[in-house]
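Notes for the one structure printed next.
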Amino acid sequence: MSVSEPSDRLLTGARVATMVPGGAPYGLIEDGAVAITDGHVVWVGPATEAPCARRREDLGGRLVTPGLIDCHSHIVFAGDRAREFEMRLEGASYEAIARAGGGILSTVRATRAASEAELLAGALARADALIAEGATLLEIKSGYGLDRDTELRMLRVARRVAAERPVRVRTSFLGAHAVPPEFAGDAEGYLDAIVLPTLEAAAAEGLVDAVDGFCEGIAFSPAQIARLFDRAAALGLPVKLHAEQLSNLGGAALAADHGALSADHLEWLDDTGVEAMAAAGTVSVLLPGAYYTLRETRVPPVAALRAAGVPMAVATDCNPGSSPLASLLIALNMACTLFRLTPEEALAGATWHAARALGLDDCGAIVPGRRADLAIWDVRHPAELAYRIGWNPLAARIFAGETT
Ligand code: NIG
Ligand code: FE
């Protein structure tokens, strides 16, 4: 691409992992440069061909990747579930704890009791941990309110994270996360009285970018999720689904049939689900932090997803119960070690495919025209990002073209 005007800023002496698929592994340019103007990448290529710029910075051989994207998180919540961690170590299962009124419902009690300021403080602490590892875009779900006021409060807090920090946020309405105690045994009643009207209200307030649900024996049936998705479609909102995490209810195929952006978890996904996702272009979001924390024994069918060409994203699922993990780098490591992704697949899962899981094509790769949301790392090779554990090599982060 030719650039007639000098760019605002030129990064040189960089190893650039563009993450554009189809060429060199990681889209790697060894002695590369990236030109930025008005918060966007305007040129990327070999340093020897770099266009002129008003400001040049030599990165001394550091690695540049797209800013990381956490496309599945629940970072707005109150309280903690350390006691349940102990109970699981004593032998109780995640499902048994949930059925006894703990699990998600214990976080619902704490979240309902928390003010907006308290929720924001907790969410910012977790967002800061993700940002410190190079994240520039976070998906944040509601789903610990399960009443109108608290669901709306959670979504407002999620929006405020983007106002308070140099990070982009995409919100997902997850009212269909669990059935609250006041509707115990009456998921249909809860859907009609709370979930659907609250979705309408949240959408009217501009608080919703996508609609999510939890399709599981301890949560909502496929038929109930289908009703939710129909309402989302009527509102013009994309959908996604927690599917096949603890059992196989056919949630992924249902999501794919509704043109879902993604189906997430997928430990119990079968061939029918894989085929439906491939046909619909639905992204699989792999959440190894939940698999690890719950000590699951079934891994998602990575080989089948790969063979069918289903894009694989990787995310933290950061939440107080099944995945108290605020590190995308550890999620990448777990995706490789536990799910056998290659380090390249894992990094693509938190960049290129994560963008697609959020329905975005303006980020997740270093390409002219996309946002200049970048991470600069003190590593030589991109495989190092997934290789180390608890070792943060972030040297700098660029958000909308500015070092932050
Ligand atoms: O993605 N699966 C359902 N929802 C969350 C868990 C939330 C929780 O345990 O608080 C998940 O794993
Ligand atoms: Fe989740």
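Sorted by packing (mean other beta-carbon atoms within 10 Å per residue), highest first, where do 205-213, 38-46 land?
So the order, starting with the most tightly packed, is 205-213, 38-46.
Relative to the longest principal axis of the Cα atoms of the chain, the long axis of helix 328-337 lies at roughly 80 degrees. As a proxy for reagent exposure, ranking 373, 230 by other Cβ atoms within 10 Å from fewest up yields 230, 373. Seen from residue 319, the other residues with C-beta closer than 13 Å to its C-beta sum to a net charge of -4, counting Lys and Arg as +1 and Asp and Glu as -1. Mean residue ellipticity, 222 nm, helices only, the chain: the sum of -39500 (n - 2.57) across DSSP H runs of n ≥ 4, divided by residue count and rounded to 500, is -9500 deg cm²/dmol. Summary of packing: across the peptides 231-241, 254-264, 355-365, the per-residue average of other C-beta atoms within 10 Å ranks them, highest first, as 254-264, 355-365, 231-241. Against the chain, whose longest principal axis is taken from its Cα atoms, helix 116-131 shows a tilt of about 40°.
What FRET efficiency, computed as 1/(1 + (r/R0)^6) with R0 = 35 Å and r the Cβ-Cβ distance, is obtained for residue 391 and residue 272, rounded to the nearest 0.05?
Values: r = 40 Å, r/R0 = 1.16.
Working from the Cβ atoms, E equals 0.30.
Computed from the C-beta positions of residue 362 and residue 247 and an R0 of 45 Å, the FRET efficiency is 0.80 to the nearest 0.05.
Considering only DSSP beta bridges whose two residues both sit in the chain, what percent are antiparallel, to the nearest 5?
Working: 23 of 53 bridges.
Around 45 percent antiparallel, to the nearest 5.
Distance between the C-alpha centres of the stretch 65-88 and the stretch 310-338: 10 Å, rounded to the whole angstrom.
With the simple spin-label model, which puts each label point 7 Å out from Cα in the Cβ direction, the residue 235 to residue 5 separation comes to 3.9 nm. Once both labels are positioned 7 Å from their Cα atoms along Cα-to-Cβ, the gap between residue 257 and residue 48 label points is 5.7 nm. Note on residue 279 and residue 403: with the Förster distance fixed at 30 Å, the Cβ-Cβ geometry gives a FRET efficiency of about 0.10.
Throughout, read-outs are computed from the coordinates displayed, never taken from laboratory work. Worth saying up front: this structure is predicted, and the values here are computed from it rather than measured. Neighbour counts run over all protein chains shown; Cβ positions are idealised from the backbone, glycine included.
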